[in-house]
């Protein structure tokens with residue numbers, strides 16, 4: 001009998017190279033409205049996320065302008081010196097005011 005997938009909500013600040021790579025592989029041309037899942041968190045706030053899964057975990061990655069820009073500029077070589085589960089590997093990027 002298979003175990004149910006663990007569900008993890010991931011904010012951009014906690015994004016790891018492994019999850020970023022899964023996102024880019026699943027959404028090579030970016031995600032659109034059909035891919036976005038909306039739900040309310042424990043505080044009653046509406047969260048929008050896209051979903052990717054590993055063998056044992058389902059990740060709901062919160063949508064943000066930073067996520068879109070990081071996915072668009074993804075290069076696997078940028079992360080080769082980091083562990084797959086290192087959230088420090090993905091730099092916090094600056095957005096131009098019109099992108100925010």
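Readers should treat all values here as calculations from the given coordinates under stated rules, not as data from a laboratory. Bear in mind the structure is a predicted one, so any value in this text is a computation, not a measurement. Virtual Cβ from ideal backbone geometry, glycine too; neighbours counted across all protein chains shown.
What the table shows:
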item: Calculated FRET value between residue 86 and residue 47, using beta carbons and R₀ = 22 Å, to 0.05; result: 0.35
item: Choice from 43, 53, 64 with maximal GNM fluctuation in the chain (Cα, 10 Å cutoff); result: 43
item: Nitroxide proxy distance, nm - points 7 Å out along Cα→Cβ at residue 25 and residue 57; result: 1.5
item: Segment residue 73-residue 14, length gained on full extension (0.36 nm per residue, minus Cα span); result: 19.4 nm
item: Taking the C-alpha atoms of the chain, convex hull volume expressed per residue in Å³; result: 132
item: Helix-only CD estimate at 222 nm, as mean residue ellipticity for the chain, using -39500 (n - 2.57) per DSSP H run (n ≥ 4); result: -5000 deg cm²/dmol
item: The chain - percent relative contact order, Cα under 8 Å, separation 6 or more; result: 37
item: Most fluctuating residue given options 25, 55, 88, as computed from a GNM of the chain linking Cα atoms under 10 Å; result: 55
item: Rg in Å to one decimal, and Dmax rounded to a whole Å, for the stretch 1-42 via C-alpha atoms; result: 12.7, 36
item: Euclidean distance between Cα centres, the stretch 52-70 to the stretch 26-43, Å; result: 8
item: Choice from 12, 82, 39 with maximal GNM fluctuation in the chain (Cα, 10 Å cutoff); result: 39
item: Length gained when the stretch residue 65-residue 37 is fully extended (0.36 nm per residue, less Cα-Cα span); result: 8.5 nm
